[in-house]
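Each remark here refers to the structure printed beneath this line.
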Amino acid sequence: MKLVPFNRAFTLIELLVVIAIVGILSGLVFVSMSGAIDAAKDAKRKTDLSAIQKALTMYQSSNGSYPILASCTIGSSCLETELASYIADLPIDSDATKHYTYSSDGTDFTLSATLSTGSTYTFNSTSGWAESSSPFVGWTYKKLVTLSSTLTQDYQIKLTIPFGSGGCESNCNADFSDLRFAATNGTVLSYWIESYTASTTATVWVKALNNSSSFYMYYKNTGATTTANGDNTFEFFDDFNGGSLDLTKWREDTSNFTVSGGILSNTTNGVELWSNAVITTSTNSYAMRTRSLISSNDNQIGLAHYVDYSPRAEIIQWTSSGAKFLGTTGWSAAGKYSLGAYHVFDILLIPNSTCVYKVDGTVSETQNYSSPGDMSIVASVGASGTTTSDWVLLRKYQSVEPTPSFGAEQSN
């Protein structure tokens, strides 16, 4: 009997097992190749920044200073002209979503690149090379915020952030709740959102670090909720969001002031509320900022800044005809503002120099200030009526404040 060969085909299960094994092996190869490609790209980024750094050193040697530029994207009218004689081809990142950035005040400069891991690779002419991982995993984008001068102390920086172009490029949450900030070394920075108009703009204060000239703003994380905290950002802060007055922050006639719905109110004649925070102004400059509403009654003193020396000075009296400023030369003429509406009031103090008073960002009064003293924040009412305040803060201040500028959007 002749045997006939048996031709057996693969079963469906066997085929599926083979396909799965091939898929797994292909995936491992792809991951390995992808990692090697990312490593090669990062190595090139580091080499590129080193080449730019050397060209900048040669430029400074020839010209006496570095090119003075706010934060800019290299290769986009940034260093192209300045370094033409010092580097043959100015390198740019091969990834369209990542950029090399440069900023300098002429004395120091900073270069940075974003690596494939999301880490930031930075060279600073003072501190050298550094690599820091992103402190905000899950955030899609970031921007470098460059200051016009290097800080000599921790300092509260005011940012006006457009929702669209020039700000978070329509990529942040409509209420700006996903904004986060960190130093270039990855240290998370405290911040507070003063106000915002949904999908339009936000006013944000960031506490930047001493010796820094830039920091990062992170955004686009739809699941994020705000971590804004005024207490961590300012020297003194109260937004009156509790159900009662915070007695760790205030003293004196506390029982005559009420807190409700995030508003401090007082209708009692002749009482005063003093902050527990007392700042020595003889060597440091400070500014008080508050959002308050004044009614039509005369002789009301809302939240104001008070420097204790003889004669006492630097008090704002908000009257029906406007705001009066009490300095060493006496009461000023009343400035004008609309009554019955909230305004943002600033009092800016430079020791042994001047005290400047602003309403909604416009200078209303400036007086000489020649005697140091201790400063507190005081709220009082000198006649019948109601004084209400939404929030108050005390921050550091200097006559020439560092101004921020936003760099190009980068992948995080």
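The values are calculated or read from the model by the stated rules, or taken from the named source; none is laboratory data. Only a predicted model underlies this, so the values are computations on that prediction, with no experimental measurement involved. All Cβ positions, glycine included, derive from the backbone under ideal geometry; neighbour counts span all protein chains shown. Calculation scope for accessible area: heavy atoms of the full protein, side chains included, ligands and nucleic acids excluded. Shrake-Rupley method; radii C 1.70, N 1.55, O 1.52, S 1.80 Å.
Tabulated data for the structure shown
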item	result
Failed condition for Tyr86, given (1) closer than 30 Å to Tyr286 by Cβ; (2) surrounded by 16 or more Cβ atoms within 10 Å (Cβ to Cβ)	(1)
Tally of residues being closer than 17 Å to Ala39 by Cα and open to solvent by 10 Å² or more (accessible area, probe 1.4 Å) across the range 100-121	4
Number of the condition not met by Leu12 [criteria: (1) surrounded by 13 or more Cβ atoms within 10 Å (Cβ to Cβ); (2) modelled with pLDDT under 80; (3) not small (Gly, Ala, Ser)]	(1)
Residue pairs meeting the criteria (Cβ under 9 Å; at least 6 apart or on separate chains; first without any contact (Cβ under 8 Å) to a residue 40 or more places away in the chain, in the range 197-213; second among the hydrophobic types (A, V, I, L, M, F, W, C) and surrounded by 21 or more Cβ atoms within 10 Å (Cβ to Cβ))	Thr197/Phe163; Ala198/Phe163; Ala198/Phe176; Ser199/Phe163; Thr200/Phe163
Among residues of the range 86-132, those that are closer than 24 Å to Thr150 by Cβ and either among the polar types (S, T, N, Q) or touching a His at 6+ places or on another chain (Cβ under 9 Å) (or both), counted	16
The range 69-83, subset of a type in the set (Val, Ile, Thr) and outside any strand (DSSP E or B), residue most open to solvent (accessible area, probe 1.4 Å)	Thr81
Those residues of the range 56-68 which are surrounded by 19 or more Cβ atoms within 10 Å (Cβ to Cβ) and outside any loop (DSSP other than H, G, I, E, B), in sequence order	Leu56, Tyr59
Subset of the range 336-355 [open to solvent by less than 20 Å² (accessible area, probe 1.4 Å) and modelled with pLDDT under 80]	Leu349, Cys355
In the range 144-166, residue surrounded by the most Cβ atoms within 10 Å (Cβ to Cβ) [restricted to those that are β-branched (Val, Ile, Thr) and outside any loop (DSSP other than H, G, I, E, B)]	Thr146
Strands (runs of 3 or more DSSP E) contained entirely in the range 186-283, each with at least 2 residues that are within 24 Å of Phe176 (Cα to Cα)	191-197, 201-208, 214-219, 236-238
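Listed here are the residues, each with its yes/no results for (1) modelled with pLDDT of 95 or more; (2) under 16 Å from Ala408 (Cα atoms); (3) in contact with a Leu (Cβ under 8 Å, 6 or more places away or on another chain).
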| position | (1), (2), (3) |
| --- | --- |
| Gln153 | no, no, no |
| Phe163 | yes, yes, no |
| Gly167 | yes, yes, no |
| Asn171 | yes, yes, no |
| Asp175 | yes, no, no |
| Ala182 | yes, no, yes |
